[in-house]
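Working notes, structure below.
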Amino acid sequence: MREALEAGRALEHVLIAKGRQDTRVEEIVQLARRNGVPVRFEERPQLDRSAGTRDHQGVMAVAAARAAMSLEDIVSNANKSAGQQD
């Protein structure tokens, strides 16, 4: 997650289990806030439900959805990558 934040990837929000406090979590919180990514502190069972598993480290990022592309944009991008012009 830290790499995604440092790279400026689009994230909807970051979830952190309440009670989880250490330097790594603090760094993630600071990076998220610096990048304008909301940080939410949740109870561990809620984080488990959001993650769909209990196998996590108490920190989770939710990626932002990409905007849909029109058929024309897809064709245009395909032509450009094939070396053709519109």
Gain on full stretching of the segment that runs from Gln21 to Arg9 - 0.36 nm per residue minus C-alpha separation: 1.9 nm
Going by a ≥ b ≥ c, the root eigenvalues of the Cα gyration tensor, does segment 1-74 fall in the rounded group (a/c under 1.5), the prolate group (a/b larger than b/c) or the oblate group? oblate
Accessible surface, per residue, of the chain when the full set of protein chains is kept, probe 1.4 Å, Å²: 74 Å²
If I compute solvent accessible area with a 1.4 Å probe over the protein chains, what percent of it on the chain is carbon and sulfur? 46 percent
Helix-derived [θ] at 222 nm for the chain: sum -39500 (n - 2.57) over DSSP H runs of at least 4, divide by residue count, nearest 500? -12000 deg cm²/dmol
Whole-number percent relative contact order across the chain, with pairs defined as alpha carbons under 8 Å at least 6 apart: 36 percent
With everything on Cα atoms, drop me the angle between helix 71-81 and the longest principal axis of the chain, reported from 0 to 90° to the nearest 10. 80 degrees
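The values are calculated or read from the model by the stated rules, or taken from the named source; none is laboratory data. What you see is a predicted model, and the numbers here were worked out from it, not measured in a lab. Surface areas here come from the heavy atoms of the whole protein model, side chains and all, with no ligands, DNA or RNA. Shrake-Rupley method; radii C 1.70, N 1.55, O 1.52, S 1.80 Å.
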